[in-house]
Ligand code: AHG
Ligand code: MN
Ligand code: MN
């Protein structure tokens, strides 16, 4: 029987033989994985733990927080603040950045996360997840502020997510392709289950919240209309549609079997660039998708090249199988 490779061993090899990551980053990723394990345990308790339902508090995004949004945020902060690898953290659930308290040593990394993605699915027992992204602070930066975080996605040094579904799976990139690790609950560790993940260039599957159709911009409408015409239309093939309403779960499906995911700008709130957040959702997912051979744009530009101007900035997202993303981007540019 071939030997199982744990996440720890995978990271040690990325550090030692491939020189992809420094030791401090390896330790940081181990801590993030440990926090995800603990969130996974909380998720699994469901109604037996005090994790379901609303906390009745509004977050900085103007959304009502669920109890699990708050629990997951606390787990990530508590796990990460004392290890000495981080300078600061930022979360979708916190208005301002969280500095490492003075009583702990400060490291050189910046960690960003969406502690609980797909909150509307918690109470109905559908897959949810945690998304994270790691940046390095600028060398000349002594006192950390929000500005240190405003780096384009191309500067990420690690990114990933953990999906809490029928299995708990951690998906990671450090710029050396995408690897997937399944949580072995008996051993309590993440085990490498897939390396060199590749997104097929073509697909017959798209993911979008169709109830927003009347609010879409013309290029998105054109693309989806053509998919719906199936064999009888210009695409000459039938398409299937999936929408889980957890970006983590939708992206996980695309990394597994291809597809295209869209949460485009729409006319409901025209002043907002989109619904999803650039720093906590779009950047980490775009890097994973690109590392797996897919593409990610906001309809016009590559997401990873966007210069953020605010921590909680929103963005229009189109990502997945390369040829489909290029087609949708072309429709936008033609317009
Ligand atoms: P979050 O739970 O972190 O606020 O994110 C939810 C996001 C994303 O995961 C998902 O794709 C989308 O919102 C679902 O939106 P709709 O409810 O409009 O379908
Ligand atoms: Mn989210
Ligand atoms: Mn969230």
- Item | In the stretch 1-19, the residues that are within 14 Å of residue 179 (Cα to Cα) and touching a helix residue (DSSP H, G or I) at 6+ places or on another chain (Cβ under 6 Å) | 7, 11
- So which residues in the stretch 1-23 are in contact with a strand residue (DSSP E or B) (Cβ under 6 Å, 6 or more places away or on another chain) and modelled with pLDDT of 95 or more? 5, 6, 7, 10
- When restricted to 137, 198, 204, the only residue more than 30 Å from residue 68 (Cα to Cα), under 22 Å from the mean Cα position of the chain (by Cα) and surrounded by fewer than 21 Cβ atoms within 10 Å (Cβ to Cβ) is 198
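For (1) under 23 Å from residue 147 (Cα atoms); (2) away from ligand 1 (no atom under 13 Å from the Cβ), each residue gets a yes or a no:
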position: 69; (1), (2): no, no
position: 75; (1), (2): no, yes
position: 85; (1), (2): yes, yes
position: 88; (1), (2): yes, yes
position: 91; (1), (2): yes, no
position: 95; (1), (2): yes, yes
position: 99; (1), (2): yes, yes
position: 108; (1), (2): yes, yes
- Note on the structure: When residue 218 is run through (1) closer than 21 Å to residue 268 by Cβ; (2) in contact (Cβ under 8 Å) with a residue 40 or more places away in the chain; (3) surrounded by 15 or more Cβ atoms within 10 Å (Cβ to Cβ), the failure sits at (3)
- Query: From 176, 148, which residue is part of a helix (DSSP H, G or I), more than 16 Å from ligand 2 (Cβ to nearest atom) and either over 16 Å from the mean Cα position of the chain (by Cα) or over 29 Å from residue 320 (Cα atoms) (or both)?
  - Reply: 148
- Between residues in the stretch 193-206 that are on the phi > 0 side of the Ramachandran plot and residues that are at pLDDT 95 or above, which pairs lie under 9 Å by C-beta distance while being six or more apart or on different chains? 196/177; 196/178; 196/179; 196/292
- Query: Within the stretch 94-107, is there a residue that is in contact (Cβ under 8 Å) with a residue 60 or more places away in the chain, under 19 Å from the mean Cα position of the chain (by Cα) and more than 16 Å from ligand 3 (Cβ to nearest atom)?
  - Reply: yes
- Message: Within the stretch 24-45, does at least one residue satisfy the condition of being surrounded by fewer than 16 Cβ atoms within 10 Å (Cβ to Cβ) and either farther than 27 Å from residue 83 by Cα or in contact with a strand residue (DSSP E or B) (Cβ under 6 Å, 6 or more places away or on another chain) (or both)?
- Response: yes
- Message: Out of the residues in the stretch 124-138 meeting the condition of being more than 21 Å from residue 39 (Cα to Cα) and in a strand (DSSP E or B), tell me which one is nearest to ligand 1 (Cβ to nearest atom).
- Response: 135
- Query: Does residue 120 meet the test of being surrounded by 19 or more Cβ atoms within 10 Å (Cβ to Cβ), under 17 Å from the mean Cα position of the chain (by Cα), within 15 Å of ligand 1 (Cβ to nearest atom) and assigned by TED's automatic domain parsing to the domain that holds residue 70?
  - Reply: no
- crowded, with 24+ Cβ neighbours inside 10 Å, under 30 Å from residue 195 (Cα atoms) and at pLDDT 95 or above: does that describe residue 282? yes
- Message: Within the stretch 69-88, does at least one residue satisfy the condition of being within 16 Å of ligand 2 (Cβ to nearest atom), closer than 17 Å to residue 121 by Cα, out of contact with any strand residue (DSSP E or B) (no Cβ under 6 Å at 6 or more places or on another chain) and in the same structural domain as residue 29 (by TED's automatic domain parsing)?
- Response: yes
- Those residues of the stretch 108-139 which are free of Cβ contacts under 8 Å to residues at least 60 places away in the same chain, more than 9 Å from ligand 2 (Cβ to nearest atom) and in contact with a strand residue (DSSP E or B) (Cβ under 9 Å, 6 or more places away or on another chain) amount to 110, 135, 136, 137
- Being out of contact with any helix residue (DSSP H, G or I) (no Cβ under 8 Å at 6 or more places or on another chain) and within 16 Å of ligand 2 (Cβ to nearest atom) is the filter here, so list the residues in the stretch 254-273 that pass it. 272, 273
- Filtering strands (runs of 3 or more DSSP E) wholly in the stretch 49-123 for at least 3 residues that are closer than 20 Å to residue 135 by Cβ and touching a helix residue (DSSP H, G or I) at 6+ places or on another chain (Cβ under 9 Å) gives 86-91, 109-117
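The values are calculated or read from the model by the stated rules, or taken from the named source; none is laboratory data. All values derive from a computational prediction rather than experimental measurement. A quick note on method: Cβ atoms are made from the backbone with ideal geometry, for glycine too, and the neighbour counts reach across all protein chains shown.
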